[in-house]
Every structure is written in C-alpha cells, then in structure tokens.
Amino acid sequence: MVSLVGVAFASCMVLRKLGSSGLRRAWDPAHILKFSLCGFLMAVTQSLLSMAYALGTTPTMVAGLGKIYTPIVAILCRCCLGRVFAPMEWLAVGMLTVSALAFCLLEGGGHHHTSFGLQDGSLGVLLVAGSATTSAMMSVLTERFMKAENEPFIVHKVRLDAGGFLFSLLLLPLMGMVGMSPDNSREDLAFWAYRPGPDYWTCYNLAIDQPGASRGCDQATGTFHVNRTLVAHSPLLSLQAESCECSRGVFLGWGSNKVIYLFLAVAVFHSWITGRFIASPRFSSVDRAVADGIPLMTIYFVMDPLSSRMPFKAIRSAYSNRTLPFPPADFARNLSCLAIALSIWMFANASSQKAGEAQIVDVAEVAPEEDESIP
C-alpha cells in the first residue's frame, strides 16, 4: 500500500507541475524497467519488515538492529559510487553501528517465541537484518540512477514506486506461503485465509482457537468461534462478538481501523523524505543512513513510552500491555543512545571538515589560472 499511495501521490505532483507530457515521461516503460530492480528491492524490504513486525519485533528493535544498514551502505557507496570517506567518518560509522547493536542486545532480543523453533525473536532479527541489507542495496542503486539523469525527483519517484508496487503484489503470495507453512502461528499473513473482522484485534481477543480454526476462524467453513466463557458475563463483549465474522482478502480490517491509515501516511511521508534526501546533490545514502540514528533515539525516549500508553490493543500488545516509564529507566541503554548521538555528531563534523578542505583545494587550483590570465 505504501508504494501504491506513493506512486499515486507522485503522479499527481508530476501532473500538477509538469503537465501531461511530464506524466507520460514519468510512466515511460523503458525508464520504469530501468528502476525495476530498485522496485524489487523496495518490495522485498517492505515485505521482510512487515513479517518482522507480525512476529512481534518491537519498533525499537527494528530501528536499532536496522543500523547494520549504515556500514553496508558505506561499503557499497565506496565500491559502486566511488565515494571516498575520511578515517574519522569510518570511525563514526563503526561507532554508530556498534552502539546500535549494543542497544539491541540490551533489549534482550524481543519478547515472543516464534513458531520456527527460534527463541527470543531470532527470526525477527534475521528478517530485520535481511531488510537492512536489501534496503542498503536499493538506496545505493536508486542514488546512482537518480543522479545519473537530469530529471525532477517526482519523476523518479513515480518510476521507483511503480516498480515497488508491482513487485509487492508478486510477493503477497510468498508472504502468505510463509504464514501457512507447517507449525507457523501466523496463518493470518495469507490474504486468502479466513481472518476475524471487521475489527481484527477486537474479534481476535474474543475468539477461541480450535483444531482447524486459526485465530477463531474455521478455515474450512469460515465460521467464527467465540470464546463463550469470556463473553458470558459481559453484555458489551457479547454485543461485540455478535458483529464478528470471518472474511478473506487483502483489505480486511482496513475499513474501521484508523490507526492503519495514520501509519500508512507516516510511511509514505518517510519514503518521500528519504528519497528527496538521496536525490539531493548535497547528500548521499550514507548521510541518510547516519541521520537515521535520530529516529532510533526518538522512538526509544519518546515514541515507545507514548505508544505503550495508547488505548489501542493492537499497539499495546507489542509492549505486552506494559506501560513504559518516561524517561526510560534503563541506564545502560540510555548510554548506548548517547553514544549514537556522539557518533552522528562526529560524522557530521568530519564530513563538514572534509568538504571545507575540498573547497580550499578547488580555490587554490583556480587561483593560478586567474593569475595567468592577467596581462
């Protein structure tokens, strides 16, 4: 959905600013094919992240472990784009990565037992690591394509999201097959499986699992099984249970869950901002990767405590219905976040110093030419 809304918004922006000729140029099949590999990597990244969240990986864990993206993208920029980094920049990248990984280890690796026989969220860790790797590859490849052509960012955005949407559709059955694999507890990842609705989380909490019935839904008949013991003494729960039914489809649960639309808008905005950042001649994929340490600190210090207090079962379940203290009381993790902040500051200063030295060299090379031109 992120790619679909992104390509629709970018197409509207192209039509508004460049007219119908710009829209035809943006939707040129040859250029969309050129960006298809970027779109494929984008779809894989989003699919892996979605499965990681579905298996109970917390947002803080995703943001922290995802920082292995930084050294990967730095190495790819050096090899594929020929960018040279100062020793202080490499040191900052290393410090940032180690601090983020230490931050994740201090969290304890998650809270759930996965159905693949892996303890402490190990499958979620692998999914996040794979997502970070494909994201790094996509970022460098996208930067190379965008800066190689003299086209507005919104034109490139249409081509990128068009490929991402196409490959996202192709990956939907694969996600469902993973969910329906033997001994997996997330059969609801398959869009063709019966799932409770219209309010997924409310009906899921009122359901009872039986043989052949995943999350309260009989996969053979589509019958919803209510936990009679739970609703017997509560008229309100009984009334909610009466509205529950089992349905199938990609958009199940979208109609009544406003939080999904909020998260969708945030995801589209993040995709747009990062794309603008990469396409800018002043910045690169590495600069964006280092700056991504700021959201990690924001999530840990602000968003996690705030989210744990939200009156939404879908969100609170990710925190095991615990209310997190504000500010966090974990001194070791607080120090890890401080190290991340220092690493970002070190990289920014090293890059600024290197840019200043390069400018001085350019001026020194131009000055003799100007002196020779004076009679």
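Pop out the carbon and sulfur fraction of the accessible area of the stretch 47-101 as a percent, whole number, probe 1.4 Å. Percent of accessible area from carbon and sulfur atoms in the stretch 47-101: 79.
Each Lys or Arg adds one and each Asp or Glu takes one away; over the other residues whose Cβ falls under 10 Å from the Cβ of Phe85, this sums to +2. Ligands, DNA and RNA aside, Ser47 has an accessible area near 10 Å² when probed at 1.4 Å. Three principal axis extents describe the C-alpha atoms of the stretch 1-113; from largest down they are 53, 41, 23 Å.
The largest accessible area among Ile340, Ile68 belongs to the first residue in Ile68, Ile340, and the rest follow in falling order (1.4 Å probe, all chains).
A probe of 1.4 angstrom, applied to the heavy atoms of all protein chains, finds Tyr200 with accessible area near 40 square angstrom. Shape class for the stretch 34-82, computed from the alpha carbon gyration tensor (a ≥ b ≥ c): oblate, with a/c not under 1.5 and a/b at or below b/c. Within a straight-line Cα-Cα reach of under 25 Å, Lys354 can be paired with the following lysines, leaving aside sequence neighbours fewer than 8 residues apart in one chain: Lys67, Lys147. Computed over neighbours whose Cβ is under 14 Å from that of Ser284, the net charge equals +4, Lys and Arg +1, Asp and Glu -1. Maximal additional length on extending the Ser20-Ala341 stretch stands at 111.0 nm, based on 0.36 nm per residue less the C-alpha distance.
The values are calculated or read from the model by the stated rules, or taken from the named source; none is laboratory data. Everything numeric in this text was worked out from a predicted model, so none of it was measured. So basically every Cβ, Gly included, is an ideal-geometry build from the backbone, and we count neighbours across all protein chains shown. Just so you know, the surface numbers come from the protein's heavy atoms only, side chains and all, with ligands and any DNA or RNA stripped out. Shrake-Rupley method; radii C 1.70, N 1.55, O 1.52, S 1.80 Å.
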